Amino acid sequence: MDRISNLPEALISHILSFLPTEESALTSVLSKKWRYLFADRPNLDFDGSVIRFHPETCEREKTQVLRVFTYFVDRVLELQGNSTLNKFSLKCGHGVEPDCVTPWILNVLARGVSDLDLHVTLAGLCLPSKVFMSKSLVTLRIESENVIGIDVEDVFLPKLKTLHINKVMLGKGGDFFEKVTSGCHVLEELVLIHVYSDFWNRSVSSKTLKRLILSCIDCDKNPHSVSFDTPNVVYLSTLIS
């Protein structure tokens with residue numbers, strides 16, 4: 001038996017946690033001891049964006065490959081049960097069923113994830129509003145190659161320090177700035193890139209913000225002016241066109 005296999009399982013799991021989730025899963029074929037160790041990790045990253053198809057690949061083959069990706073994510077989350085999760089990173093594009101993505105997000109939120117990184121490009125996807133209602137999140141990043149939606153009813157992220165949102169439609173997002181600053185008591189970094197909303201509060205007030213980046217397009221849906229009451233900001237960048 002090799003020396004690594006003689007190590008305690010907790011140590012092996014820690015070593016595997018430094019590998020991408022898909023690569024660490026390959027170790028499951030080594031022996032029975034290794035079969036499920038890859039799933040015993042506090043950080044998960046699933047990257048479906050690396051899936052590329054030949055132009056002549058038929059739709060049936062594409063569907064089968066994407067189903068394997070979906071099954072893999074489902075299986076890993078199932079193996080982990082209710083264990084605490086530190087980070088969950090998900091990248092996926094067209095072809096993955098939107099109905100699969102929402103349960104994944106709700107699963108990790110319920111398990112107290114502290115770092116949530118979502119880069120999703122799915123037609124018809126509306127992320128659950130619960131991404132803005134979490135007692136555990138410290139870092140939240142949401143990005144899309146196309147505009148996805150989030151119904152922002154309330155914001156309660158008492159531990160959140162970093163919030164990045166890129167190309168997202170904030171439906172029902174009345175007074176979004178006010179909700180974020182009042183619901184994120186320790187927020188230090190706010191980055192809004194190409195964020196669309198019919199309701200923008202034209203003032204930003206926060207005593208904790210240190211970095212603020214705003215980049216907005218389409219003036220019909222964005223404010224003509226924004227005022228700032230952020231005395232502790234050390235970096236400010238705005239681009240409104």
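The values are calculated or read from the model by the stated rules, or taken from the named source; none is laboratory data. Since the model is a prediction, treat every value here as computed from it, not as a measurement. Note that each Cβ is placed from the backbone with ideal geometry, even for glycine, and that neighbours are counted across all protein chains shown.
Hey, any hits in the stretch 103-126 for a residue that's modelled with pLDDT under 85 and of a type in the set (S, T, N, Q)? Taking every residue of the stretch 103-126 in turn, at least one turns out to be modelled with pLDDT under 85 and of a type in the set (S, T, N, Q). If you filter the stretch 63-99 down to residues that are crowded, with 18+ Cβ neighbours inside 10 Å and in a helix (DSSP H, G or I), you find that the one that is modelled with the lowest pLDDT is Leu66. Checked against (1) out of contact with any Phe, Trp or Tyr (no Cβ under 7 Å at 6 or more places or on another chain); (2) closer than 18 Å to Val73 by Cβ; (3) free of Cβ contacts under 8 Å to residues at least 40 places away in the same chain; (4) of a type outside the set (S, T, N, Q), Ile165 passes all but a single condition, namely (2).
State which residue is surrounded by the most Cβ atoms within 10 Å (Cβ to Cβ) when the search covers only the stretch 129-169 and only residues that are of a type in the set (Ser, Thr, Tyr) and assigned to a strand (DSSP E or B). Spell out how you get there, then give the answer.
Narrowing the stretch 129-169 to residues of a type in the set (Ser, Thr, Tyr): 129, 134, 136, 139, 144, 162.
Then keep just the ones that are assigned to a strand (DSSP E or B); that gives 139, 144, 162.
Working: Thr139: 17, Ser144: 21, Thr162: 17.
Only one residue fits best here, namely Ser144.
Among the residues of the stretch 180-193, is there at least one that is modelled with pLDDT of 70 or more, under 22 Å from Val234 (Cβ atoms), of a type in the set (Val, Ile, Thr) and surrounded by fewer than 17 Cβ atoms within 10 Å (Cβ to Cβ)? Yes. A single member of Gly183, Gly93 is touching a Phe, Trp or Tyr at 6+ places or on another chain (Cβ under 7 Å), touching a residue at least 40 places away in the same chain (Cβ under 8 Å) and of a type outside the set (A, V, I, L, M, F, W, C), and it is Gly183.
Entry remark, the stretch 100-119: residues being assigned to a strand (DSSP E or B) and more than 22 Å from Lys161 (Cα to Cα) number 0 in total.
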